[in-house]
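For reference, the structure is listed below as structure tokens.
The values are calculated or read from the model by the stated rules, or taken from the named source; none is laboratory data. Keep in mind that what you see is a predicted model, and the values were worked out from it rather than measured. Cβ: placed from backbone, ideal geometry, glycine included. Neighbour counts: every protein chain shown.
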Amino acid sequence: MSVKTFELISTTENNIELISYVALPDTASNDTPAPGILVAPEWWGVVEHPKSVVERLAEAGYAAVAMDVYGEGKLTTDAAQANMWMEQVLEDQDMLMARCRLILNDFSDQLAVDGNNLAAIGYCFGGKIALDMARDGMPLKAVATFHGNPSPKQPADKNFTAKVLVAHGRDDSMVSMDAIEGLKLELDAADVDYTIDVYDNAKHGFTNPHADERAAKNEVDLGYNEIAAKQSWENMLEFMKANLA
């Protein structure tokens, strides 16, 4: 299936441009809009990996957008820089969620996107963002995270209506199994429907083909695992197929 891509620019109240990246299947149109998936990238910003994710989602029949939560299209391969940007937006999580809501609204306003059939996917830092969007009651039917940070902006409650799929690496030194147990307790308390898949021999960043290169450059404990990446992607597609009409 051929794919159409373009930049989606959302302007915040204080005139910061959020330059997100959209991919649409060529079958999506005003008459037959496609279900929409918002992708929250790793802390690097909208780099090659999230762009390839939204293109692969479009090839699978979904409209998808990689969200520029930092603004101005900022991206990096330097972990110290990425960490600084992440900490800056985490200092004001209401602002971060307002940016996500703005992108969600602008994306779902596209005529080729079915705004009644939305989901979110998050990677690493983006896993927290995707879960927090559901915790904030955004109209998502499904949330999938890959090696995601589960720490909540506020705990899930009755506003959390999305179903959840978590793909976690057993050897992840940045997000512990204890953190995943904490997420289970949180979602159980809010009666959220969730599935947690734990992948053996998988480190933090296991879905990103650039993980080993980034690990070497930045001396951080990341690693790509082709088997876990492929299986978790297939599980996510099945999950989306079951939850998006």
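Scanning the range 224-245 for residues that are without any contact (Cβ under 8 Å) to a residue 40 or more places away in the chain and either surrounded by 20 or more Cβ atoms within 10 Å (Cβ to Cβ) or farther than 26 Å from Asp114 by Cβ (or both) yields a total of 6. Every test in (1) over 29 Å from Asp31 (Cβ atoms); (2) outside any loop (DSSP other than H, G, I, E, B); (3) within 16 Å of the chain's Cα centre (by Cα) is passed by Gln81 save one, and that test is (3). Among the residues of the range 53-62, those that are closer than 19 Å to Ile129 by Cβ and either assigned to a helix (DSSP H, G or I) or of a type in the set (A, V, I, L, M, F, W, C) (or both) comprise Val53, Val54, Leu57. When restricted to residues that are among the aliphatic types (A, V, I, L, M) and farther than 21 Å from Glu7 by Cβ, the range 83-129 contains 6. Name the single residue, out of those in the range 15-31 being over 24 Å from Lys128 (Cα atoms) and modelled with pLDDT of 95 or more, that is surrounded by the fewest Cβ atoms within 10 Å (Cβ to Cβ). Once the filter is applied, the top-ranked residue is Asn15. If the condition is being of a type outside the set (Val, Ile, Thr), assigned to a loop (DSSP other than H, G, I, E, B) and crowded, with 24+ Cβ neighbours inside 10 Å, then the range 42-52 contributes Glu42, Trp44. Given the criteria farther than 23 Å from Glu91 by Cβ, acidic (Asp, Glu) and part of a loop (DSSP other than H, G, I, E, B), does Asp68 qualify? No, not satisfied. Among residues of the range 53-71 that are farther than 14 Å from Pro33 by Cα, none has a beta-carbon under 6 Å from a residue that is small (Gly, Ala, Ser) and at pLDDT below 95 at least six positions away or on a different chain.
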